[in-house]
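The values are calculated or read from the model by the stated rules, or taken from the named source; none is laboratory data. The model shown is predicted, which means the values in this text are computed figures rather than measured ones. Ideal geometry is used to build each Cβ from the backbone, glycine not excepted, and the neighbour counts take in all protein chains shown.
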Amino acid sequence: MDEQANVPVFKASAIYGVIVGLASIVLSLILYFIGQSLEPWAGYLSTIVLVLLIIGSLIMFKREYGKGYAKYGQLVLVSFIVGLVAALLTSAFTFVLYTTDEGYLQDTKYVTLEKVDKQFEKQDLKFQERFSDEQYEAVESRLAEQRKKAIDRVKNQTPMKLAFSGIIAMVFMSVIIGLIAAIFIKRKPETAQP
């Protein structure tokens, strides 16, 4: 039981975080060079790879450092640190990429604006179907105002803002993955029966 308390959580998590971050960067570079990084399927692929890498990190942590055992809280902490380290690496990469390739930054904004437009079109249609003409007129002006704010936010994105939002998103996702995966991965050591 004392061995469980001496597990090097921070060191192990940092190592796995570097591995996850570098793997994410390599995948991003491959998608960037083949010109597919802004496609929806590339986003899904990147998310699936991230999920698998974090789950793999938790399993490896349990095997290598916990000697087959790991507590739920330990695994959630590991996923948080792995996500944080990986997010710092990938966000630094994102910042450099957007800074060096201004066209890619503009393409990213354009794709995001298209998504925002589609989202607001769906909401607009939903409100048109549900409300009478008078009710819809009141909603329409608020919807137009929200759409304008969303578009302005996208247009004002800088490489630094995108990198920072990437850190927040990746850490949040890592914690969620850890909270769920730790339920299935955790294992307490068996206590000896007298």
* Structure fact -> The residue from LEU105, LEU113, LEU89 that alone is of a type outside the set (Ser, Thr, Tyr), in contact with a helix residue (DSSP H, G or I) (Cβ under 6 Å, 6 or more places away or on another chain) and surrounded by fewer than 16 Cβ atoms within 10 Å (Cβ to Cβ) is LEU113
* Of the numbered conditions (1) more than 21 Å from VAL116 (Cβ to Cβ); (2) at pLDDT 85 or above; (3) not basic (Lys, Arg), PRO189 satisfies every one except a single condition; which is it? -> (2)
* Asked: Out of curiosity, is TYR65 surrounded by 13 or more Cβ atoms within 10 Å (Cβ to Cβ) and within 17 Å of LEU162 (Cβ to Cβ)?
  -> no
* Structure fact -> Wholly inside the range 69-184, helices (runs of 4 or more DSSP H) that include 1 or more residues that are at pLDDT below 90 are 102-130, 133-155
* Taking ILE177, is it surrounded by 13 or more Cβ atoms within 10 Å (Cβ to Cβ), of a type in the set (A, V, I, L, M, F, W, C) and closer than 30 Å to SER57 by Cα? -> yes
* Keeping to the range 38-61, report how many residues are without any contact (Cβ under 8 Å) to a residue 60 or more places away in the chain and outside any helix (DSSP H, G or I). => 1
